[in-house]
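Asks: Let me begin by handing over the structure; questions about it come next.
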Amino acid sequence: KRMKTCQVPIIFDPRVARQLLSTFAGAISGSAIARGTSFLKESMHKSLFSDAITIMDDPLRKRGLGSKPFDGEGMLAEPLTLVDKGVLNHWLLSHRSANQLGLKSNGRASRGVSSLPGPSAPNCYIEAGELSPEALMGEIESGFYVTETFGMGVNTVTGDYSQGAAGFWIEKGQKAFPVSEVTIAGTLQEMFAAMTPANDLVFDYRINAPTLRVEKM
């Protein structure tokens, strides 16, 4: 079915939730901060998320797909708590981006085959919450469970978010029927502040996230 325009809670399947985390990692890249092209450029040590959200980047995680003892510039790799109980603590910094910001590299340089090293997150993840995905959904009278997004509607300069989406409509805490040809929209600032993680974190990729609920979009 196609739905009428409304404001409802959104639940992001882990596969889609990790795309949100990837967008966040790009927005805290030292290169973007130095250029002034990130909506988070003035957000260091500020509360961006609820206190239920902690985001880690651990290049030393055993069998992690991005694990490595040192970065692309030879800096020793160390785990970083990028976001601690909702508060942003670190940019992702290579030597070049750190110099531009008057800071020191924190070992996040990634070297490509034909490009200069640039900052990235080797093994980034949102820590699991306390509630199961079923419990997150069970509290929703009417909402949208998103299993797929498409389009180019994420603007990391302004934080505007508008994506085509498909998934299932939620009624009284249960998936009721499939939904397609829908656009979900909001701002990343509001989405981050209203985000709750489930307890189903699985490490399948370099960037991983559990099921996430955003209170209203």
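The values are calculated or read from the model by the stated rules, or taken from the named source; none is laboratory data. Because the structure is a prediction, the values reported are computed rather than measured. Ideal geometry is used to build each Cβ from the backbone, glycine not excepted, and the neighbour counts take in all protein chains shown. When the accessible area is computed, the model is the full protein with side chains, heavy atoms only, and any ligands, DNA or RNA have been set aside. Shrake-Rupley method; radii C 1.70, N 1.55, O 1.52, S 1.80 Å.
Asks: Checking Ala52 against (1) in a helix (DSSP H, G or I); (2) surrounded by fewer than 18 Cβ atoms within 10 Å (Cβ to Cβ); (3) not aromatic (Phe, Trp, Tyr), which single condition isn't satisfied?
Replies: Only one criterion is unmet by Ala52, namely (1).
Asks: Hey, among the residues in region 106-136 that are in a helix (DSSP H, G or I) and open to solvent by 20 Å² or more (accessible area, probe 1.4 Å), which one's farthest from Gly86 (Cα to Cα)?
Replies: Glu134
Asks: Return the total of residues in region 13-47 being open to solvent by less than 60 Å² (accessible area, probe 1.4 Å), farther than 15 Å from Ala193 by Cβ and not in a helix (DSSP H, G or I).
Replies: 7
Asks: Condition first: exposed (fewer than 14 other Cβ atoms within 10 Å of the Cβ) and in contact with a strand residue (DSSP E or B) (Cβ under 7 Å, 6 or more places away or on another chain). Now tell me which residues in region 165-174 satisfy that.
Replies: Within region 165-174, just Glu171 meets the criteria.
Asks: Another question, if that's okay. Being within 18 Å of the chain's Cα centre (by Cα) and at pLDDT below 95 is the filter; apply it to region 65-83 and report the residue that is least open to solvent (accessible area, probe 1.4 Å).
Replies: Gly66
Asks: Still on this structure: Just need a number here: residues in region 95-124 that are more than 20 Å from the chain's Cα centre (by Cα) and under 11 Å from Ser31 (Cβ atoms).
Replies: 7
Asks: Any residue in region 169-189 that is under 19 Å from Tyr125 (Cα atoms), touching a helix residue (DSSP H, G or I) at 6+ places or on another chain (Cβ under 8 Å) and at pLDDT 95 or above?
Replies: Looking through region 169-189, at least one residue is under 19 Å from Tyr125 (Cα atoms), touching a helix residue (DSSP H, G or I) at 6+ places or on another chain (Cβ under 8 Å) and at pLDDT 95 or above.
Asks: Can you pull out the residues in region 166-186 that are more than 17 Å from Val214 (Cα to Cα) and among the acidic types (Asp, Glu)?
Replies: Glu181
Asks: Does any residue of region 185-206 turn out to be polar (S, T, N, Q), under 25 Å from Lys4 (Cα atoms) and open to solvent by 50 Å² or more (accessible area, probe 1.4 Å)?
Replies: Yes - at least one qualifying residue is present in region 185-206.
Asks: Same structure, new question: Would you mind telling me which numbered condition in (1) closer than 17 Å to Glu42 by Cβ; (2) out of contact with any strand residue (DSSP E or B) (no Cβ under 9 Å at 6 or more places or on another chain) Val113 fails?
Replies: (1)
Asks: Name the pairs: first residue in region 50-76 and closer than 15 Å to Tyr205 by Cα, second residue surrounded by 15 or more Cβ atoms within 10 Å (Cβ to Cβ) and aromatic (Phe, Trp, Tyr), Cβ to Cβ under 6 Å, at least 6 apart or on different chains?
Replies: Once the first residue is closer than 15 Å to Tyr205 by Cα and sits in region 50-76, its partners that are surrounded by 15 or more Cβ atoms within 10 Å (Cβ to Cβ) and aromatic (Phe, Trp, Tyr) give Met56/Tyr125.
Asks: Just need a number here: residues in region 89-102 that are touching a residue at least 24 places away in the same chain (Cβ under 8 Å) and either crowded, with 19+ Cβ neighbours inside 10 Å or closer than 25 Å to Phe49 by Cα (or both).
Replies: Residues flagged as touching a residue at least 24 places away in the same chain (Cβ under 8 Å) and either crowded, with 19+ Cβ neighbours inside 10 Å or closer than 25 Å to Phe49 by Cα (or both) within region 89-102 amount to 9.
Asks: Let me ask you something else. Go through (1) at pLDDT below 95; (2) open to solvent by 40 Å² or more (accessible area, probe 1.4 Å) one by one and return the number of the condition Ser162 breaks.
Replies: Checking Ser162 against (1) at pLDDT below 95; (2) open to solvent by 40 Å² or more (accessible area, probe 1.4 Å), the one that fails is (1).
Asks: Shifting gears a bit: Here is a check on your reading of the model: is Glu148 modelled with pLDDT of 95 or more, surrounded by fewer than 18 Cβ atoms within 10 Å (Cβ to Cβ) and in a strand (DSSP E or B)?
Replies: Here the answer is yes, as Glu148 does meet what is asked.
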